[in-house]
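One structure is given below, encoded as structure tokens.
A short reminder: the numbers here are calculations on the coordinates, not readings from a lab. In this text the structure is predicted, and so the values were computed from the model without any measurement. Here the Cβ positions follow ideal geometry from the backbone for every residue, glycine too, while neighbour counts run over all protein chains shown.
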Amino acid sequence: MTPRGYGPSASFCPRCATPLSAPAPTTCTGCGYQLFVNARPTVGLIVLDRDPAAPPAQPSEPAQAPDPAPAPAPAGPRFLAVRRAAEPMIGRWEMPGGFCDGWEHPAEAAVREAREELGVEITLGDFIGMYVGSYEFQDEFLPVLDNFFLATLEAREIVLDPAESTELTWFSLADPPPLAFATMDAAIRDAARRLGH
Ligand SMILES: [Zn+2]
């Protein structure tokens, strides 16, 4: 059996290489090392095309007689999506973001990821929430703890990192397409609810 790295699917002790008798959390029978599995923190940016603190657009005239024709959808805020240039989920739309480094706080990671992936400074907004998901990479199936923040751009000139993304677009917060990861779908739903859309 080929060992599969040091992550949750490792079949051997990362300290002494003794085969493990059970999946983590477990204790190595060879050296007593206690192996745990924890979700790795990531950050995702819900970059809006307008400041959510700005007053909403005025509603149209009050409703009158019932109208059988559906009313046009209100022009709510849109969020930035980028198309993944690499596995996993290559070619799918996602929000910018990535893994937190070492002891990096997710808010700091959010600002760093915007610089790296979009080439811009952002103003970080409200924290939307954290979501437990899965990430398949290097033959491992990792639990991840995805932290999502609202953000707005300080400059409009986005320069994508071609190693990360092939193109960008803006989707309606109220009507998003399926995104690369289920945690992103959930975060967009919660952000739309938070902003009243
Ligand atoms: Zn061991």
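Think of the chain as a dipole: +1 on every Lys or Arg Cβ, -1 on every Asp or Glu Cβ, centred on the Cα centre; then among 191, 110, 17, 17 lies furthest on the positive end. Length available on full extension from residue 163 to residue 103: 0.36 nm per residue minus the Cα-Cα distance, which gives 19.1 nm.
Under a 5 Å amide H cut-off, with hydrogens placed 1.01 Å from N, residue 20 pairs with 12, 13 among residues at least 5 apart or on other chains.
Residues whose amide H lies under 5 Å from that of residue 129, counting only those 5 or more places away or on a different chain, are 148; hydrogens are built 1.01 Å from N in the peptide plane. Rounded to the nearest 10 degrees, the angle from helix 106-118 to the longest Cα principal axis of the chain is 70 degrees. Approximating the spin labels as points 7 Å out from Cα along Cα→Cβ, the residue 40-to-residue 92 distance works out to 1.7 nm.
Compared with the direct C-alpha span, the chain from residue 16 to residue 170 gains 50.5 nm at full extension, assuming 0.36 nm per residue. Once C-alpha pairs closer than 8 Å and six or more residues apart are averaged by separation and normalised to the residue number of the chain, the relative contact order reads 25 percent.
A Cα-only calculation for segment 120-197 places Rg and Dmax at 14.1, 40 Å. Remark on residue 135: its backbone amide H falls under 5 Å from those of 142, 144, a criterion applied only to residues 5 or more positions apart or on other chains, H modelled at 1.01 Å from N. Sites listed here are trypsin sites (Lys or Arg not before Pro) in segment 113-197 whose DSSP assignment is loop and whose Cβ has at most 10 other Cβ atoms within 10 Å: 156. The alpha-carbon atoms of the chain define a convex hull whose volume equals 157 cubic angstrom per residue. To the nearest ten degrees, helix 182-194 and the longest principal axis of the Cα atoms of the chain are 40 degrees apart. With the simple spin-label model, which puts each label point 7 Å out from Cα in the Cβ direction, the residue 124 to residue 51 separation comes to 1.9 nm. The phi-based Karplus calculation (6.51 cos²θ - 1.76 cosθ + 1.60; θ = phi - 60°) puts the 3J(HN,Hα) values of segment 87-95 at 6, x, 6, 4, x, 8, 6, 8, 8 Hz, whole numbers, x for Gly and Pro. In loop segments of segment 115-173 as defined by DSSP, the GluC sites (Glu not before Pro) with at most 13 further C-beta atoms inside 10 Å of their C-beta are 121, 154, 157.
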